[in-house]
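These notes are about the structure you will find just below.
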């Protein structure tokens, strides 16, 4: 595994980007690495854009990921993939959940949801940039809850970084300790389904 990498988790309110960020924080701690996790959002409770930065390395001084500096972007929704794709470095990896969340202006008829988002991203991708799009919500539902999309997506990302899967499994168990312990197995299953969808590609 590289000594450092930058991850952008981009979604909308309620999709669990910060929880996914916390998972990476636990993983980094188990690896003895430094980590900075920060969240920036608009009207998150109304389905607004939410972005979480995760920076992992031997020493991390700033939580912010500059344009062109992200090694990985996990887009929990197509429009968010387009909105934040500029943060990805050349040759980076972009994972996209193809299930759309309709923004409020679109729902009110004040705007239109762009067509052919993934095709447009693929057309602009260069320098070995890797783009993987799949229906993460379907896999989350298979695992037991639509709220597990974040763990499906982190499972998919795990296929691109050399970290033992058991470290992720143990970190998910820790994340859902105490009163939420019953959720650990479901989210571990979601993680495995996300990993398997990439392996199958």
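Please treat every number below as a calculation from the coordinates, not as lab data. As the structure is a prediction and not an experimental result, all values here were calculated from the model. Here the Cβ is made from the backbone with ideal geometry for all residues, glycine too, and neighbour counts use every protein chain on show.
Using the beta-carbon distance between residue 38 and residue 59 and R0 = 22 Å, what value does 1/(1 + (r/R0)^6) give for FRET efficiency, to the nearest 0.05? Working from the Cβ atoms, E equals 0.85.
A crude spin-label estimate for the pair residue 30 and residue 132, with each label 7 Å from Cα along the Cβ direction, gives 1.9 nm.
Only one of (i) 58, 35, 32; (ii) 46, 37, 34; (iii) 60, 47, 30 was calculated from the structure for Cα extents along the principal axes in Å, and its label is (ii).
With both partners inside the chain, how many of the DSSP beta bridges are antiparallel, as a percent to the nearest 5? Within the chain, antiparallel bridges account for around 55 percent of the total.
For the chain, the 222 nm mean residue ellipticity estimated from helices alone, with every DSSP H stretch of n ≥ 4 adding -39500 (n - 2.57) and the total spread over all residues, rounds to -11000 deg cm²/dmol. For the stretch 111-176, rounded, prolate or oblate, judged on the Cα gyration tensor with a ≥ b ≥ c (square roots of eigenvalues), a/c < 1.5 rounded, else prolate if a/b > b/c? It is oblate, given that a/c is not under 1.5 and a/b is not larger than b/c.
From the Cα gyration tensor of the stretch 59-169, with a ≥ b ≥ c the square roots of its eigenvalues, which class applies: rounded if a/c is under 1.5, or else prolate if a/b is larger than b/c, or else oblate? Oblate. The packing ranking of peptides 183-193, 156-166, highest mean first, is 183-193, 156-166, where packing means the average number of other beta carbon atoms within 10 angstrom of each residue.
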